[in-house]
Structure formats: C-alpha cells, structure tokens
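Heads up: the structure comes next, in structure tokens.
The values are calculated or read from the model by the stated rules, or taken from the named source; none is laboratory data. This one's a predicted model, so the numbers in the text were calculated from it and none came from an experiment. No Cβ is skipped: glycine too gets one built from the backbone with ideal geometry, and neighbour counts run over all protein chains shown.
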Amino acid sequence: MKNNKKSSKRFVLVTGGTGYIGSHTVVALIAAGYNPIIVDNLSNSKVSVLKRIKKITGKLPLFYKMDLRNTMALNKIFQKHSIASVIHFAGFKAVGESVAEPLKYYENNIQSTISLCKVMNMHSVKKIIFSSSASVYGEASVVPIKENSLPVPASPYACTKLMIEQILIDIYLADPFWRIALLRYFNPVGAHESGLMGEDPQGIPNNLMPYISQVAVGRHKKVNIFGNDYPTDDGTGVRDYIHVMDLAEGHVAALKKIETATFKKPQIINLGTGKGYSVIEILRAFEKAAGKVIPYRITKRRPGDIAACYADIKLAKKLLGWKAKRNLADMCADAWHWQSQNPKGY
C-alpha cells in the first residue's frame, strides 16, 4: 500500500524562491532554522541559484519547477509536505512591460495568487506573507510615505500588487483565522556578502543599481540619469534603497510574528531604510566601492518619475521589531562584490 504520510518537518513554501529577493530570503530562512520549499517556473530566474544557496547555507532546499496557476500540481506539493506558512514572491515585475502588456500581468499575477490561496485554503494553511511594493503608492504627495497613504498605482504592475493585497484582505474578512502580512518594499539592492548570490536581471536592467553594476563591469557604456532638474539637493531623483539581506531578514521577522498570531488582521508594513538617496549619491558611492569612475549622461525625465520617495519605517520597528542594519556603502560594496565575481550573472 502506498504511504501518503506527510513529512514530519514543517515547511515554509516560498513562491518565486529562485528570484532575486526570494533566493536571499531562502538563505535568511535557513539561517533562522526554517525549512523552505521553493516553487518557481524559472521565467525570470535560473535553477543554478539552488547550488549557490547550498554553498552559503550547507542545505539544498526542496525545489519544484512549476507554474502556480497549475492548481493540481500545487495541490500535490501541499499533500506531500506539512506546509505551515507561505511567502509569496512569484509574479511578473517589470513596470514598463506591464504598461505594454497589461493582460499578461493581470492574468499571471492575479491568477497565480488565486490558485495559491485556493490550495492553501483546501489544506487549512492560513499564514501568508505577500511581497508587495511601494509602487502601489504612486506619486505620494507627502514623504516619508506612511502605510495609510492613499494608494494611487501608476502601472498595471502596481495595480496587480494592490489588487492582490485586497484579495488577501477579503479572504481574511471571510475567514478571520488567516494571518496575513503585506510587505510593501521600496528599492531592494545589493547582494549576499559572500558574492555568491545577487541580482541577475534578464535583458537590460530596469533598476538603477544593477545598471550601474553592469556599466562598472563593462556590459554597458554609461548610466542614463533621467533628469537633473528635480527639487532635490543635486537635482536627481531621491529614493529609499534597502539592502536585499535586510529585506530578507524583514520577511523572517514577519514570519515569526504571523506564527505567534499576534496579527489579528492583515498588516500593511513598509520595509525600507527611511532615508532617501539621490541617483548621483548612489553613483558616487558605487564608484567608491568599485574603485573606478562610472561614466554617465543626463537625459530627459521619464514620465511618471517623481522627485523623492522614501518610507516611514516606524510601523516595521513597532510590529516586527525590525530595522534595516546595512548602509549605502554596504549595499554598493556587496553589489560590486557579486557583479565583479559574476560579470554575466549566474
């Protein structure tokens, strides 16, 4: 007779766990004594990251290559393993692409979440941390941005994040046994300090730090700075950048909180440093870390870009007991360590 008895281990399911933030969070989970299971369809990541995770932690996490929208396959994973909670990173994330292909984003990001929540509900797994984004705030009129700031998402990508937050809130309203953390993070940068893991964007990077890294390593000629006439100290846009390992540790802190059931309702929490850095500040700090001059050119502003955007981080400290520890020099040093050792990524 077939033995269908589940493993006695308690697992955390990490969707999108081979991606940039997901993989670093898996490392932080293992360091904190958790047993992560990764589900990822590898549409924007590489399976070789698993070997890097093992090299850093000494453990190879369980991995399933699959699309979350495949409810039957996902159900089999829940049948096989004693999953206690879920951290949900999986989803398409390029803002520009979402504007060009909105249906692709709505179908993938929303449907995958509905499929995941259905299967969780079937197995009475009711603890979830959702990887949301500060992009839901849009052009916030007041900075630092608080969690109760009115969301005005400016792209289909940001709209999917806000919609998923609402889906999870509605699930809780129908069933208050759910424990939900909605983490809105600002601009994740940097890499694991070992240099073994980091950001490996497919194609031309959409974000500043990986683009600077790739210019520094010779993959692109110069950094484009979009506008230097903003009302900031040096005229370039100011953003809240957070080290990816601080972000990963923020997820562990949130997981510990939802395990103790201290969240009686879904909690929206900003994860950032609470400090803004301008594009020029980032460029100069990276030059210092890399020990070289990084060429750049000033070009016109991009539509929708705002002067300054950074987080109010009081709630994260109050509810999670968490605060970012790594500074801008750490972010740049670790990003350069990764990129210089892995000029073409994984």
Q. Looking at region 322-346, which of its residues are modelled with pLDDT of 95 or more, outside any helix (DSSP H, G or I) and charged (D, E, K, R)?
A. Lys323, Lys325, Arg326
Q: Kindly indicate which of Ser141, Ser149 is surrounded by fewer than 18 Cβ atoms within 10 Å (Cβ to Cβ) and not in a helix (DSSP H, G or I).
A: Ser141
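State all residues of region 265-287 that are aromatic (Phe, Trp, Tyr) and not in a helix (DSSP H, G or I); if no residue qualifies, say none.
Applying the first criterion (aromatic (Phe, Trp, Tyr)) to region 265-287 yields 277, 286.
The answer is Tyr277, and nothing else.
Within region 96-114, how many residues turn out to be buried (at least 19 other Cβ atoms within 10 Å of the Cβ) and either over 20 Å from the mean Cα position of the chain (by Cα) or at pLDDT below 95 (or both)?
Of all residues in region 96-114, those buried (at least 19 other Cβ atoms within 10 Å of the Cβ) come to 98, 105, 108-109, 112-113.
Still in the list and also either over 20 Å from the mean Cα position of the chain (by Cα) or at pLDDT below 95 (or both): 98.
Qualifying residue count for the region: 1.
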Q: Look through Val125, Val86, Val99 and report the one residue that is in contact with a helix residue (DSSP H, G or I) (Cβ under 8 Å, 6 or more places away or on another chain), touching a residue at least 40 places away in the same chain (Cβ under 8 Å) and part of a loop (DSSP other than H, G, I, E, B).
A: Val125
Q: Scan region 67-83 for residues that are assigned to a loop (DSSP other than H, G, I, E, B) and either aromatic (Phe, Trp, Tyr) or surrounded by fewer than 16 Cβ atoms within 10 Å (Cβ to Cβ) (or both) and jot them down.
A: Asn70
Q: Among the numbered conditions (1) touching a strand residue (DSSP E or B) at 6+ places or on another chain (Cβ under 9 Å); (2) charged (D, E, K, R); (3) assigned to a helix (DSSP H, G or I), tell me where Lys55 comes up short.
A: (1)
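Of everything in region 168-224 that's of a type in the set (S, T, N, Q) and touching a residue at least 40 places away in the same chain (Cβ under 8 Å), which residue is surrounded by the most Cβ atoms within 10 Å (Cβ to Cβ)? Break it down into steps so the answer makes sense when it comes.
Step one: list which residues in region 168-224 are of a type in the set (S, T, N, Q), which gives 187, 194, 202, 206-207, 213-214, 224.
Filter once more, so that each one left must be touching a residue at least 40 places away in the same chain (Cβ under 8 Å): 187, 194, 202, 206, 213-214, 224.
Numbers: Asn187: 23, Ser194: 15, Gln202: 11, Asn206: 13, Ser213: 28, Gln214: 19, Asn224: 15.
Result: Ser213.
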Q | Matching residues in region 31-50 - criterion: being over 16 Å from Ile83 (Cβ atoms) and either among the basic types (Lys, Arg) or surrounded by 19 or more Cβ atoms within 10 Å (Cβ to Cβ) (or both) | A | Asn41, Asn44, Ser45, Lys46, Val49, Leu50
Q. Just one of the numbered conditions (1) without any contact (Cβ under 8 Å) to a residue 40 or more places away in the chain; (2) within 18 Å of the chain's Cα centre (by Cα) is not true of Tyr157; which one?
A. (1)
